[in-house]
Structure formats: structure tokens, C-alpha cells
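Visitor: The structure's right below; bear with me while I get my questions together.
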Amino acid sequence: MTQQETYAGASRPTYGDEAAGGGWITFAGVMIVMVAILNIIDGIAAVSKSSFFINDAKYILSDLKTWGWIVLLIGVVQLFVAFGIWAGSNVARWAGIVIVSVNAIAQLLFIPAYPFWALAIFSLDILVLYGLAAYGGRPNLA
């Protein structure tokens, strides 16, 4: 009896060959895009003085319109960083860590405008920060 050789999938990586934390990097990229779009919408709404923000909120720095511009610019930068992360750029990973950290701080300062929304975005930023910091380096094959 001879053994049958199989050639199908010989060069295809198996589940065990996938880089450790690859799912976290994909998650981080998807969440950065989602948070970026939400920040852009939130920034446009704040700049246009939309009515769903809390009236007469007191801010630590400046006013609602200024925070709208800040959050809008952060959202645009996050979009570019997300595509760099998906491309596997190490520079984009570090830029992602910086921009997500800045966004987390900005969301905490944006709490007077829309408290629960700002805390939800802050929570997503913490998860993205973990994914980028813990698994965003060079891939280690399991």
C-alpha cells in the first residue's frame, strides 16, 4: 500500500500560521474607520449648531463650534490612518496610536456636549488602542 500525496493547499497558510493578533489589527482598522465617520458626522453637527447637543453646556476649553472642528479634523486624520493600518504600515500603526489617544482625550473633553455618545466613542478608542499597541508590531507566527 502506498501513501497518497495531496498537493492541494500545500502553500496555503493554515489557521495556526496566521499572525498572532491579526484579528485585533483588522478590528482596529475597522473601528478606526467607524469612529472616524462618526467623528466627522459629530464634528459637522457641532459646527452647524445642530439641536441634538446639550444646550448651554460649559466646556473646559472654548465652545461647541471649536470642538466640532477639532473632532472633524481628528476624524479625517483617522480615515487616512485606518487605510495605512490595513496596508501594514508601521508608521500608520504609530500614527494610529497617537490619533486614537488624542481622540480619547478629545472625547472626554467633549462630554458636556453629548455625554453617553462621547463615552461610547472613548470606549471604542481604548479597544483600538489595545489592538494597535499589543498586536500592531511585526507579525509573530504562532
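The values are calculated or read from the model by the stated rules, or taken from the named source; none is laboratory data. Just so it is clear, the structure is predicted and the values come from calculations on it, not from any experiment. When we count neighbours, we look across all protein chains shown, and the Cβ atoms used for this are built from the backbone with ideal geometry, even at glycine. Side chains are part of the model used for accessible areas, which takes the heavy atoms of the whole protein and leaves out ligands, DNA and RNA. Shrake-Rupley method; radii C 1.70, N 1.55, O 1.52, S 1.80 Å.
Visitor: Sort VAL98, VAL76, VAL128 from largest to smallest accessible area, using a 1.4 Å probe on the heavy atoms of the protein chains.
Guide: Numbers: VAL98 90, VAL76 60, VAL128 5 Å².
Correct descending sequence by accessible area is VAL98, VAL76, VAL128.
Visitor: Given points 7 Å out from each Cα along the Cα-Cβ axis, report the LYS49 to VAL98 separation in nanometres with one decimal.
Guide: 3.5 nm
Visitor: Now, a different point. Let me know the whole percent of all Cα-Cα pairs from the range 46-128 that are separated by more than 18 Å. Numbers along the way, then the final one.
Guide: Details: 1507 of 3403 pairs.
Taking all Cα-Cα pairs of the range 46-128, the fraction more than 18 Å apart is 44 percent.
Visitor: How much length is gained on full extension from TRP117 to MET34, taking 0.36 nm per residue of separation minus their Cα-Cα distance? Don't skip to the end; give the middle numbers.
Guide: Working: separation 83, 0.36 × 83 = 29.88 nm, distance 1.36 nm.
Once the chain is fully extended between TRP117 and MET34, it gains 28.5 nm.
Visitor: Further, regarding this structure: What is the distance, in nm, between label points placed 7 Å from the Cα along the Cα-to-Cβ direction at ILE60 and at ALA134?
Guide: Distance between label points: 2.7 nm.
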